[in-house]
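The values are calculated or read from the model by the stated rules, or taken from the named source; none is laboratory data. As the structure is a computational prediction, the values presented were derived from the model and not from experiment. Note that we place each Cβ from the backbone using ideal geometry, even for glycine, and neighbour counts take in every protein chain shown.
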Amino acid sequence: MPVDVAAEVIANHPLSGDYNVLALAAPAIAASAQPGQFVMVKAGPGQDPLLRRPFSVFEILRDEAGSPAGISLLNKRVGASTALVYAAKAGQLVACLGPLGRPFSVVEAPAEAWMVAGGVGLAPFATLAEALHARGVRSTLFYGARRAAELFCLNVFRDLDIELTLTTEDGSAGEHGRITAPLERRLRAGSADAPVAIYACGPEGMLAATAKLATAYRRPCQVSVERIMGCGLGGCYSCVVPMRSEHGGVHHVRSCLSGPVLAGDQIVWD
Amino acid sequence: MDLSVQIGSLTLKNPLIAASGCFGYGVEYADIVDLASLGGVAVKGLFLAEREGHPAPRIVETPAGMLNAIGLQGIGVRRFVEEQLPELRARRATVIVNICGTTLEEYVEVARILSDAEGIAAIELNISCPNIKEGGMTFGCSLTGTSDVVSAVRKVTRLPIIPKLTPNVTDVASFARASEEAGADAVSLVNTFLAMVIDVESRRPRISNVVGGLSGPAIRPIAVRMVYECRQAVKIPIVGMGGIADARDALEFMIAGASAVQVGTANFVDPYIWPKLLEGITDYVERHQIARLSDLIGTVDIRNDAYERSGA
């Protein structure tokens, strides 16, 4: 069951002029959040901006005894609320409702896990990487960004023995181009018998391309979608995703309740 | 303390109703809101059949408000009765079902099905949705359309009928009057204001339906004015809504003439708002030594001196 907490900002780590990691004291949420779940955050008091914003839980923060003490959010400044999250000061209180939504289904060894992240779509993969590491699952992070300076938090993944495959759109780090290029090469090279689970989060075009590749190579693919959300609890029907229904039609599902993690091959991408 | 209010033959334990379209079918909130503690739960608008609604994006935020064009996605009245109503009854919710139709016959059929079901307290007639091509506001923007829907549904149900009025008309009070004359037990208002938001960089509308309905604190003063106007025009109870975000806002609507209030957008921001609203209302009633909350309804003081001070 979700809880709504007035979470104190423990720290705000700027990563660039647009990205930051906001650490929040929220033990109850940290204790129950599963990889892929999200929180609804009201970044400032008052009525403008009015609504909360959904954020993936980025990291589970632990105290010295190892108990869950808080969560962090990976934020990209794109509008009024994300600007407030970017500018948040330590000590400030932030309304934080969660954990919400359907989490990733975490694969077991001997299957491999391939995480495909684009930009701020890295957010749900730190907790997933932790879960995969704990299960001894061999894992790769395919991570694409605009430029080298926007490939963030790589050490979080290196520390969990995650293999990194990086691309940048300007070629300033890793391979020049989109992340789906090395993903496709890896899919082509792999043995069809070796089980692989693909996880994706990022821009819509990257998600569609990843889901289609996964289908073409017959790999299961869980995508974490991002939609404009009003409430996060199923009340407003804003955050819908078109999914194939049983009878060949299209059904709008609420990504807050049925997602944000959805089966890539069931989403109607066009 | 007596916080109960009367909507026709229906007694609500308090005036707080979750607004249709903002609370799913109620069951989504059952684990975090004590549904029995609410005066009522107005569930999402139901047609006869299932509907998929509009593609995303369906909402966009505006200053102190939001614009939506969901397109009345819904499971249809039969599935509601089978799948959701039992849970609402088990939670002892006072269930108000918002019903829609693209034709007069559809309103009648949906009302008939609900009248045969157990555990429904009232029917709210959605004749005011701005986001669908047929039905909805096309009935609610015409006095004869309003009158026709209310009379037709009146013939097939004993449940209290509450037409939900659109503010997208010149004189909302005349629609309240038409509803009353056609046999409505109450009216609820306001639905959302037809509005538009454009992304300047791309020159694209920000929601897929191009236009949508504006709600939230931004519209509250207009909604209060409309409730006040309707209070002068009709004797039947009014359910007021439009941007209520705290107890004072709710009280403002009651003083303007509302017997009960609905809260919608604020529930998105704070789903735990209900006990806070109730506490705020209780505090007010105690502080002003009001015997019964219903004594507050329509008590706005518009003596001339107050009138002159306000500059009106």
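Would you call A:Thr140 hydroxyl-bearing (Ser, Thr, Tyr), farther than 30 Å from B:Arg206 by Cβ, touching a residue at least 40 places away in the same chain (Cβ under 8 Å) and in a helix (DSSP H, G or I)?
no
Hey, any hits in segment A:95-111 for a residue that's within 14 Å of another protein chain (Cβ to nearest Cβ) and over 19 Å from the mean Cα position of the chain (by Cα)?
yes
Answer yes or no: is there a residue in segment B:279-292 that is hydroxyl-bearing (Ser, Thr, Tyr), within 23 Å of B:Leu12 (Cβ to Cβ), modelled with pLDDT of 95 or more and surrounded by 21 or more Cβ atoms within 10 Å (Cβ to Cβ).
No, there is no match, as no residue in segment B:279-292 is hydroxyl-bearing (Ser, Thr, Tyr), within 23 Å of B:Leu12 (Cβ to Cβ), modelled with pLDDT of 95 or more and surrounded by 21 or more Cβ atoms within 10 Å (Cβ to Cβ).
Which residues, taken from segment B:10-29, are in contact with a Leu (Cβ under 9 Å, 6 or more places away or on another chain) and either away from chain A (no Cβ under 11 Å) or among the acidic types (Asp, Glu) (or both)?
Matches in segment B:10-29: B:Leu10, B:Leu12, B:Lys13, B:Asn14, B:Pro15, B:Leu16, B:Ile17, B:Glu28.
Name the residues in segment B:31-66 that are farther than 21 Å from B:Ser115 by Cα and more than 11 Å from chain A (Cβ to nearest Cβ), would you?
Of everything in segment B:31-66, those that are farther than 21 Å from B:Ser115 by Cα and more than 11 Å from chain A (Cβ to nearest Cβ) turn out to be B:Asp34, B:Leu35, B:Ala36, B:Ser37, B:Leu38.
Would you check which residues across segment B:256-272 are touching a helix residue (DSSP H, G or I) at 6+ places or on another chain (Cβ under 6 Å) and more than 11 Å from chain A (Cβ to nearest Cβ) and list them?
Within segment B:256-272, B:Ala256, B:Gly257, B:Ala258, B:Val261 qualify.
Is it the case that A:Pro242 is touching a Gly at 6+ places or on another chain (Cβ under 9 Å), surrounded by fewer than 22 Cβ atoms within 10 Å (Cβ to Cβ) and not aromatic (Phe, Trp, Tyr)?
So A:Pro242 fails the test.
Just checking, which of A:Leu51, A:Leu61, A:Leu74 is crowded, with 18+ Cβ neighbours inside 10 Å, touching an Asp or Glu at 6+ places or on another chain (Cβ under 7 Å) and aliphatic (A, V, I, L, M)?
A:Leu51
Restricting attention to strands (runs of 3 or more DSSP E) lying wholly within segment B:206-312, give those where 3 or more residues are of a type in the set (Gly, Ala, Ser).
B:211-215
Which condition number in (1) out of contact with any Phe, Trp or Tyr (no Cβ under 8 Å at 6 or more places or on another chain); (2) modelled with pLDDT of 95 or more is the one that A:Leu183 fails?
(1)
Quick one: which residue in B:Leu10, B:Leu16 is in contact (Cβ under 8 Å) with a residue 60 or more places away in the chain and within 30 Å of B:Thr103 (Cβ to Cβ)?
Only one candidate qualifies: B:Leu10.
Can you tell me which residue is farthest from B:Val197 (Cα to Cα) among those in segment B:61-83 that are crowded, with 23+ Cβ neighbours inside 10 Å and among the β-branched types (Val, Ile, Thr)?
B:Val77
Quick one: what pairs do we get from segment A:192-215, first residue without any contact (Cβ under 8 Å) to a residue 40 or more places away in the chain, second crowded, with 21+ Cβ neighbours inside 10 Å and assigned to a helix (DSSP H, G or I), C-beta under 7 Å, 6+ apart or different chains?
Taking only residues 6 or more apart or on different chains, the pairs are A:Ala209/A:Thr180; A:Leu213/A:Thr180; A:Leu213/A:Leu183.
Go over the candidates A:Asp4, A:Asp18 one by one and state the one that is within 13 Å of another protein chain (Cβ to nearest Cβ) and acidic (Asp, Glu).
So the residue among A:Asp4, A:Asp18 that is within 13 Å of another protein chain (Cβ to nearest Cβ) and acidic (Asp, Glu) is A:Asp4.
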